[in-house]
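Each value in this text was obtained by applying a stated rule to the coordinates, not by laboratory testing. These figures come from a predicted structure and were not determined experimentally. Positions of Cβ are backbone-derived with ideal geometry, glycine not excepted, and every protein chain shown enters the neighbour counts.
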């Protein structure tokens, strides 16, 4: 089969098209005929070597996958040949990723695609939507009437977190960097869009919370943004971060008695266990889509697998609005 392969860490140019062996599914796996994928910050970090979780070269990357079932392992139940599925392929350690004609995936890390969902939509959802779902529903446990701030509200995870928090009945605020992104988050359910380049944390709290702070802050950016999240939360509030690597001053957390949770969606692949949590979240995301509570916003340019280098450049340049989709042309 054909695949986009990486032989060494580096910039986006390291992807090459090659012919590799067709994988056979293990007893607990499904072989998926890949139709679509996405590019996540995790994919870029694995490619560059910044996150040392990539498979030994030659490696096939990309975590998100959407496609049709081609074969099932002997221990798999609930999937049949021809089913439309989406989920987590791998591209991590011992698990090859989605940038190929076929990929074998743990059946527990897949779910059926809703009939009204397109492959390009399904292909961008697994990592981002399951991260947002875990942050909103499992960690923060957002309740109706709570004031929720999503930092990076127009990003891949952020724009989905805005929708899920809005569906909970929360008063959603989101930080953005451009008028275009402000328009997007308002359309998705944020009552307030805040240009973080113009408003400091104190000004933001004074204008939008009456100096009370936020019940919940979802930080999708990391770095200095996590410190801002701790400052923006009310005393006794909850902060959920999806990018907590690095050194951080937790003084505001201690002083205000905050709860801090960290979401790392690909943990089951790192620990080689817990894949059933991924399948459960994927099914919940599919239900939210069918109920009209969540719809991925696709970046205007749809890339082909053979153009994966350009997709990585787009994401790393900060030029994406919503999620970048890729369709399989191999």
Protection proxy (average C-beta count within 10 Å per residue), highest first, orders 117-128, 281-292 as 117-128, 281-292
Counting only DSSP beta bridges with both partners in segment 128-262, the antiparallel fraction in percent, to the nearest 5, comes to 0 percent
Ranked on Cβ counts within 10 Å of their own Cβ, fewest leading, 234, 206 go 206, 234
Helix 158-167 sits off the longest principal axis of the Cα atoms of the chain, rounded to the nearest 10 on a 0 to 90 degree scale, by 70 degrees
Packing-ranked peptide list from 236-246, 129-139, 12-22, 151-161, highest mean Cβ count within 10 angstrom first, is 151-161, 129-139, 236-246, 12-22
Output ordering of 270-276, 84-90 (per-residue mean of other Cβ within 10 Å, highest first) is 84-90, 270-276
Output row, site residue 68, 7 Å Cα→C-beta label point, backbone N cut-off 13 Å, window segment 13-53, residues 32-36
Going fewest to most other Cβ atoms within 10 Å around each Cβ, 253, 4 line up as 253, 4
For 183, 80, ascending order of other Cβ atoms within 10 Å (fewest first) is 80, 183
Per the rule of 0.36 nm per residue minus the C-alpha distance, extending residue 13 to residue 118 adds in nm 34.9 nm
Note to self, the chain gives a 222 nm [θ] from helices alone (DSSP H runs n ≥ 4, -39500 (n - 2.57) apiece, / all residues, nearest 500) of -8000 deg cm²/dmol
Counting only DSSP beta bridges with both partners in the chain, the antiparallel fraction in percent, to the nearest 5, comes to 55 percent
Residue separation between residue 250 and residue 293 times 0.36 nm, minus their alpha-carbon distance, gives in nm 12.1 nm
Expressed in angstrom and rounded, the centroid-to-centroid distance over alpha carbons for segment 98-115 and segment 261-304 is 12 Å
Dividing the mean separation of Cα pairs under 8 Å (6+ apart) by the residue count of segment 128-262 yields a relative contact order in percent of 22 percent
Between the Cα axis of helix 275-290 and the main Cα principal axis of the chain, the angle (0 to 90°, nearest 10) is 70 degrees
Once residue 180 and residue 259 are pulled to full extension, the length gained, defined as 0.36 nm per residue separation minus their Cα-Cα distance, is 25.2 nm
